[in-house]
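Participant: Mind having a look at this structure? Questions to follow.
The values are calculated or read from the model by the stated rules, or taken from the named source; none is laboratory data. Treat the numbers as computed from the prediction; the structure is a model and nothing was measured. Backbone-built Cβ (ideal geometry, glycine too); neighbour counts: all protein chains shown. Surface accessibility is based on the protein's heavy atoms, side chains included, excluding ligands, DNA and RNA. Shrake-Rupley method; radii C 1.70, N 1.55, O 1.52, S 1.80 Å.
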Amino acid sequence: MSDEQRPLASPEPGGAASAGPERHGPEPEAIRFFGTTWLHHDGGYGLRRAGVAVGSLVLAAAGAVVLRFAFQGLEIADVGPFVGILVVAGFAICSALAFRRTWDGFVRRRDPAAESAADRSAQSLMFIGFIGSLLAYFCRSLVEAPGEKLHRTEYAAARERHERRRSTRTGNPAARKSKPKKRR
């Protein structure tokens, strides 16, 4: 289905589509935690951004505390400094990779065909480096809704394509009536 022909959203899951007037043109894509409020910055957009920023920072701090407990467990087990350094380096590298991968997801759309195998292999890195992903959410939500710029440019391009198509149309050719010829 093209972006110009998306069906109307149901008012409730599994329910029928709304019986209101039919919408024409592309619909904005919803962003996690924001829905479509990013389009006009309405519906509590500012509060949602603040909530995402605070929530992601609190979760990152809680994750750091949990990792600290895990590291203390390694110290109690007396595994040696080499294993401790490996664990810290592993979490730091995975967090940096997760941050970069999450940040890239806000900037550009991934190719779905090329990403299937890469996504599966990177899931464990993203899981281990969850603090990096949370920090990417925090940093991005200070500026905009995470992914808003990407969605806004895609939506503007879709609206432009739709308007260009609509402006070149002259109507339904089958509905046109032939004009009667004037008699002289």
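Participant: From the list Phe71, Phe82, Phe138, Phe127, pick out the single residue that is touching a helix residue (DSSP H, G or I) at 6+ places or on another chain (Cβ under 8 Å) and over 30 Å from Leu39 (Cβ atoms). It would help to see each step written out before you state the result.
Facilitator: On the way: Phe82 fails: touching a helix residue (DSSP H, G or I) at 6+ places or on another chain (Cβ under 8 Å); Phe138 fails: over 30 Å from Leu39 (Cβ atoms); Phe127 fails: touching a helix residue (DSSP H, G or I) at 6+ places or on another chain (Cβ under 8 Å).
Of Phe71, Phe82, Phe138, Phe127, the one residue that is touching a helix residue (DSSP H, G or I) at 6+ places or on another chain (Cβ under 8 Å) and over 30 Å from Leu39 (Cβ atoms) is Phe71.
Participant: While we're on this one: Any residue in the stretch 112-128 that is surrounded by fewer than 20 Cβ atoms within 10 Å (Cβ to Cβ) and under 15 Å from the mean Cα position of the chain (by Cα)? Before the answer, list the steps.
Facilitator: Restricting attention to the stretch 112-128, the residues satisfying the condition of being surrounded by fewer than 20 Cβ atoms within 10 Å (Cβ to Cβ) are 112-128.
Now drop any that are not under 15 Å from the mean Cα position of the chain (by Cα), which leaves 112.
Checked the stretch 112-128: at least one residue is surrounded by fewer than 20 Cβ atoms within 10 Å (Cβ to Cβ) and under 15 Å from the mean Cα position of the chain (by Cα).
Participant: Taking the stretch 19-49 as the region of interest, how many residues are outside any loop (DSSP other than H, G, I, E, B), open to solvent by less than 90 Å² (accessible area, probe 1.4 Å) and without any contact (Cβ under 8 Å) to a residue 24 or more places away in the chain?
Facilitator: 2
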